[in-house]
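Enquirer: Mind looking over this structure? Questions follow.
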C-alpha cells in the first residue's frame, strides 16, 4: 500500500483527521504526500487541529476528486463523503485552493 493510499484510506470516512494520524501510520512526510494528492486533483480542506490540545497541527478532510469536472471551475453541491449538501465548493485550479460558500 502506498502512502497516498494510506492517507486516502484514513480520510475516506469524510471526517476530519489530524496530521498525527498520518505519522502514526508511518507516513514520513504527510505534507508532501497531501500536496501530491492535491496536484492529482483531490479536493482537500484543512483546519487547525481541534481534536488535540496541541493546536499546532492541521486536520484534513477529503471532499472528493475533481477530475470529472471542467478545470476552469469545479463545483461540488453534494458529496458522498457526508459534506453538507447546501455547501458549494469552487476552485479555479488544483493549486489555487478552494472557496467555501455557504448560504
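Enquirer: Looking at the structure I just gave you, is residue 15 in a loop (DSSP other than H, G, I, E, B), at pLDDT 50 or above and surrounded by 13 or more Cβ atoms within 10 Å (Cβ to Cβ)? Give the steps one after another, and end with the answer.
Expert: Numbers: in a loop (DSSP other than H, G, I, E, B): yes; at pLDDT 50 or above: yes; surrounded by 13 or more Cβ atoms within 10 Å (Cβ to Cβ): yes.
Criteria met by residue 15.
Enquirer: For the range 23-65, give me the residue count where each residue is on the phi > 0 side of the Ramachandran plot and within 16 Å of the chain's Cα centre (by Cα).
Expert: Of all residues in the range 23-65, those on the phi > 0 side of the Ramachandran plot come to 26, 41, 55, 64.
Those still in the list that are within 16 Å of the chain's Cα centre (by Cα) too: 41, 64.
Looking only at that region, the number is 2.
The values are calculated or read from the model by the stated rules, or taken from the named source; none is laboratory data. Predicted model, so just to flag it, every value in this text is computed and none were measured. Counting neighbours? That spans all protein chains shown, and the Cβs are built from the backbone with ideal geometry, glycine included.
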